[in-house]
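Bear in mind that the values in this text are calculations on the coordinates, not laboratory data. In this text, all values refer to a predicted model and were calculated from it rather than measured experimentally. Virtual Cβ from ideal backbone geometry, glycine too; neighbours counted across all protein chains shown.
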Amino acid sequence: MLFTPFTFPNGKTAKNRIFKSAMEEQLAQNDQPSEKLVHLYDTWAKGGAGVLVTGNVMVAESGKGSINDVVISDDRSLEMLKKWAKAGTQNDTLLIMQINHAGKQSPAVINKTPLAPSAVPLVGMDGFINPPRELTADEINGLIQQFVQTAKLPSRQAFQAYKFTPRTAISSANSSRRTTTAAKTNGAAAWKTVCASFWKPTPPSAPLWAKISWWV
């Protein structure tokens, strides 16, 4: 079973069921993909896994969760993205880019005032992660468009699938948004908006995964 192919509903097939999940590679250089990252995925693809999931690729510098996260918000690194994709898709490997924004998990060393759907701080993180500032409705819509922009760029460089992890407020314990305008971008409504926007720039052949981080 482990070494048999698996076909996703859209027709994309993984050659086997060995799935390398996302890890914190911390190999960005000035927030951009690096030769070290290309070498790492070259090694993993040659190892024979059917699916490789990248570490966090952030949609904006304000959303970094670690110092050496990759940030893809414009086309400055298209050639390096192409090399990364080529390395990670060799040996008939399915390569999934994990697109993310850390929200209020962004540590103080990176972000003195992290952004989040609500200004509800993480418990027990004093000194490491500062209390967040609540995003306006316009800022949330802008952030959704940043996810869309980031998704467009890798699709042109042969990344084959996407896992997106927007930190939306779907837990009442972590959300204090109660206004009518804000409610439209909260919880399940936010996921619907993000998903609908995300389908547009990605090829029909590219599977999409969504990670729900309910507590941030």
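Observations
- Long-range HN-HN contacts of G55 with modeled amide H, under 5 Å: M23, E25
- The range 18-123 shape via C-alpha gyration tensor axes, a/c threshold 1.5: prolate
- For the peptides 46-58, 27-39, 11-23, 97-109, the ranking by mean Cβ contacts within 10 Å, running from highest to lowest, is 97-109, 46-58, 27-39, 11-23.
- A simple count of charges around A28, restricted to other residues whose Cβ falls under 15 Å of its Cβ and scoring Lys, Arg +1 and Asp, Glu -1, yields -3.
- Residue-wise HN-Hα coupling along the range 123-131, computed from phi with Karplus coefficients 6.51, -1.76, 1.60 (Hz; x: Gly, Pro): 7, x, 10, 4, x, 9, 10, 7, x
- Additional length obtainable on full extension of the chain from I67 to Q90, 0.36 nm per residue less Cα span: 5.4 nm
- Each Lys and Arg adds +1 at its Cβ and each Asp and Glu adds -1 at its Cβ; summed about the Cα centre, the range 16-102 shows a dipole of about 340 debye.
- Residues L2 and D138, FRET efficiency given R0 of 45 Å [Cβ-Cβ distance, rounded to 0.05]: 0.40
- Ranking of T150, T4 by count of other Cβ atoms within 10 Å, fewest first: T4, T150
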